[in-house]
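Visitor: I am attaching a structure below and will ask some questions about it afterwards.
The values are calculated or read from the model by the stated rules, or taken from the named source; none is laboratory data. Nothing here was measured: the structure is a model prediction, and the numbers come from that model. When we count neighbours, we look across all protein chains shown, and the Cβ atoms used for this are built from the backbone with ideal geometry, even at glycine. In case anyone asks, the SASA skips ligands and DNA or RNA and just uses the protein heavy atoms, side chains included. Shrake-Rupley method; radii C 1.70, N 1.55, O 1.52, S 1.80 Å.
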Amino acid sequence: MTTFQDLGVRDDLLRGIAEMGFETPMPVQEKVIPVLLSGNHDLVALAQTGTGKTAAFGLPVIQRVDTAVREPQALVLAPTRELCLQIASDLADFSKYTPDLSIIPVYGGSSIESQIRALRHGAHIIVATPGRLIDLITRGVVKLDKVNTVVLDEADEMLNMGFVDSITDILTHVPDERKMLLFSATMPAEVARIAKRFMKNPEEIVIGTRNEGAKNVRHIYYMVNARDKYLALKRIADNSPNIYAIVFCRTRRDTQEIADKLIQDGYNADSLHGDLSQQQRDMVMKKFRDGVISLLVATDVAARGLDVDDLTHVINYGLPDDTAVYTHRSGRTGRAGKTGVSVAIIHSREKGKLREIERIIGKKFERKEVPTPEHIIEKQLYNLADRIEKVEVNEEEINRYLPGVLKKLSWLSTEDLLKRVLSLEFNRLLNYYKDAPNIDFIDEKPAKERKEKEKGAKRTDKEKDRRTAEKGMARIYVNVGKADGFYAGNLIELLNKNVSGARVDVGRIDLLPGYSLFDVKKGDASRVVAALKGLDFFGKRIFSEVADTERDYASASERKTRKDSGRAAKASRKERKR
């Protein structure tokens, strides 16, 4: 079995990493450390987050420093303040027994004056975010002419965040004979171009295969109607009593709304997004690292640099457009040899995106049924039984109070007592899930039957069917469509926010350029129409009615479009005459 000593790591560093619990090198360390210690050529290493790459570049970087020269000799660039601080902290831990070594992190969002004071005392290794480092170079505080090693960590993330010009600027201040190391989870074309432009015949080391997902991560998905995504999220959380997860959302607004709902529903949750101040972000991340929060709802940008090893789940509330982003998300669980689960909550129209992610990461997603109320309650009961079984009892202290309690409860049988203890914990869940519906999306028509029906249908029949509701449903017309940027998600959001009373179940939805049609239960039709009328959708006033099967809505829409175009053309001609 290979050891860190076999790789050439120095004794003082061996002592530091032994105290941190490092026993045998991880694959990325075993491949990278000898190359960095023995050669002077550049290196590109493709490895997932959480595979031990900080030690892979950090140990050789520290070992190459001459502490007698009190000038920057190594530069590590990271995309975020959080990652910058994490790397600097890890390097300090590795070098605990390396005398006179100075490692200084510099990053935005903190006092530049205090960082300037620290740099003036001398630094051997600078760990920096690009923007703050350029500021310090411009002020003449940082000189990089003695730097012999440059590390770009999470290079794909830095390029996603638009740092390519900053990196180019920084590298003009570093000697040409520097050694350059590029670490990245994925290898998009932009990263390949950076490597070709700034590196000299780099050796490439790949842990796993290019762009693949982390090996210890299981990928599963649940398919529900768009309106049921939040209900599915709660069921996933309830079905995992010891869940410790990041829930990724696409927008800041979604992130805050979902976190607020979870908190309101009694979950230990909080949000992390760009609208928070740095102080708020730091506080939320500390609570999450300390386990005070078990569900962190976050945007991709805000979660960068959040380093947590024990995540049980990563939950994709919305699938990202970029597969590399999914790879980064899923790589946050299943770290340090542990297993993890990456969950996608999707609706039927996101299946294509899911298949594309499968193709690129080389992993197959398992479709799972959304946990049923019965399964959730059983899982929670067994978890409570396990906690009761394993709880530590302070015999001496509890015995003082036991006689009085036993006397008070002596009339209860063992079974009655157990029922009451369980009910204290489970009445909320039992009440919430009473008569809860199945929310799995069910494609009722087999694909073959559906294709044959579509092939045989005439266009006129389709137009008529579009205005006809399913049995037991009413067809609702609204005067906004795809041309207005109106899609199914917007419709569900309008209904959830504006229709009072019981939740409205939406059936078939047809989105056309100038208008939309959708089904609701007949009993809900009047309150849906009343709730939608007069609402504003990005400057357009909404009109709604129960659809008339004989009315040609498309023609009406087209007439309005032509009328508007005519008015615009007439106004333009008048303007030209002036």
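Visitor: Long-range amide H contacts for Ala474: which residues qualify at under 5 Å (H placed 1.01 Å from N, peptide plane, sequence gap of 5 or more or a different chain)?
Guide: Answer set, sorted by chain and number: Val520, Lys521, Lys522.
Visitor: For Val206 and Asn438 in one chain, what is 0.36 nm times their gap in residues minus the Cα-Cα distance, to one decimal in nm?
Guide: On the way: separation 232, 0.36 × 232 = 83.52 nm, distance 4.39 nm.
Computed gain between Val206 and Asn438 is 79.1 nm.
Visitor: I need the calculated FRET efficiency for the pair Glu374 and Lys407, taking r as the beta carbon distance and R₀ as 30 Å, to the nearest 0.05.
Guide: Values: r = 37 Å, r/R0 = 1.25.
Working from the Cβ atoms, E equals 0.20.
Visitor: Let me ask something else. Less than 14 Å Cβ to Cβ from Arg132, Lys/Arg counted +1 and Asp/Glu -1: what total charge do the surrounding residues give? Please report the intermediate quantities before stating the final value.
Guide: Numbers: positive: Arg81, Arg139; negative: Glu82, Glu113, Asp135, Asp169.
Residues close to Arg132 contribute a combined charge of -2.
Visitor: Let me ask another. Using only the alpha-carbon atoms, what does the stretch 2-42 span along each of its principal axes? Please give whole angstrom values in decreasing order.
Guide: Dimensions of the stretch 2-42 along the principal axes of its Cα atoms: 31, 20, 15 Å.
Visitor: Could you calculate the contour length gain from Val546 to Lys286, that is, 0.36 nm times the residue separation minus the distance between their Cα atoms, to one decimal place in nm?
Guide: 88.4 nm
Visitor: To continue, here is another question. Count the net charge of all other residues whose Cβ sits under 12 Å from the Cβ of Glu425, scoring Lys and Arg as +1 and Asp and Glu as -1. Don't jump to the answer; show the numbers that get you there.
Guide: Values: positive: Arg387, Lys419, Arg420, Arg428; negative: none.
Neighbour charge sum, excluding Glu425 itself: +4.
Visitor: By how many nm would the segment from Val421 to Asp536 lengthen if fully extended, with 0.36 nm per residue of separation less the alpha-carbon distance?
Guide: 36.3 nm
Visitor: What is the percent of Cα-Cα separations in the stretch 1-124 that go past 19 Å?
Guide: Working: 3797 of 7626 pairs.
Percent of Cα pairs beyond 19 Å in the stretch 1-124: 50.
Visitor: Using r as the Cβ-Cβ distance of Val393 and Arg349, and R0 as 35 Å, what FRET efficiency do you calculate, to the nearest 0.05?
Guide: Numbers: r = 54 Å, r/R0 = 1.53.
According to the calculation, E is roughly 0.05.
Visitor: Using a 1.4 Å probe over the heavy atoms of the protein chains, calculate the carbon and sulfur portion of the accessible area of the chain as a whole percent. Show your work: numbers first, answer last.
Guide: Details: 15200 of 30460 Å².
On the chain, the fraction of accessible area on carbon and sulfur atoms equals 50 percent.
Visitor: List the residues, sorted by chain then number, that are 5 or more residues from Met180 or on another chain and whose placed amide H is less than 5 Å from its amide H.
Guide: Asp42, Leu43, Val150
Visitor: Hey, another quick one. Which of the residue pairs Lys261/Lys353; Lys31/Lys179; Lys229/Lys368 have a Cα-Cα distance greater than 22 Å in the structure shown?
Guide: Correct reply: Lys261/Lys353.
Visitor: As an exercise, use a Förster radius of 60 Å and the Cβ-Cβ distance of Asn431 and Arg197 to find the FRET efficiency, rounded to the nearest 0.05.
Guide: Numbers: r = 62 Å, r/R0 = 1.03.
Efficiency for this residue pair is about 0.45.
Visitor: To continue, here is another question. Can you give the Kirkwood hydrodynamic radius of the chain from its Cα pairs, in Å with one decimal? Please list the in-between numbers first.
Guide: Numbers: mean 1/r = 0.0354 Å⁻¹.
For the chain, inverting the mean 1/r across all distinct Cα pairs yields 28.2 Å.
Visitor: Is there a quick way to get the dipole size of the chain? I mean about its Cα centre, with the Cβ of Lys and Arg at +1 and of Asp and Glu at -1; what is the value in debye to the nearest 20?
Guide: On the way: 95 positive and 85 negative charges, 709 e Å.
Around 3400 debye, computed over the chain.
Visitor: Something else now. Does a label point 7 Å from the Cα of Asp12, set along Cα-to-beta-carbon, have any residues of the stretch 63-94 with amide nitrogen under 16 Å, and which are they?
Guide: 63-71, 73-74, 91-94
Visitor: Let me ask you something else. Just add up the charged neighbours of Leu384: K/R +1, D/E -1, any other residue whose Cβ is under 15 Å from the Cβ of Leu384.
Guide: Working: positive: Lys379, Arg387, Lys390, Lys419, Arg420, Arg428; negative: Asp238, Glu378, Asp386, Glu389, Glu425.
Net of charged neighbours comes to +1.
Visitor: Applying a 10 Å radius around every beta-carbon, put 24-37, 283-296, 53-66 in order of their mean neighbour count, most first.
Guide: On the way: 24-37: 20.1, 283-296: 17.4, 53-66: 23.7.
Going by the mean number of other Cβ atoms within 10 Å, highest first, we get 53-66, 24-37, 283-296.
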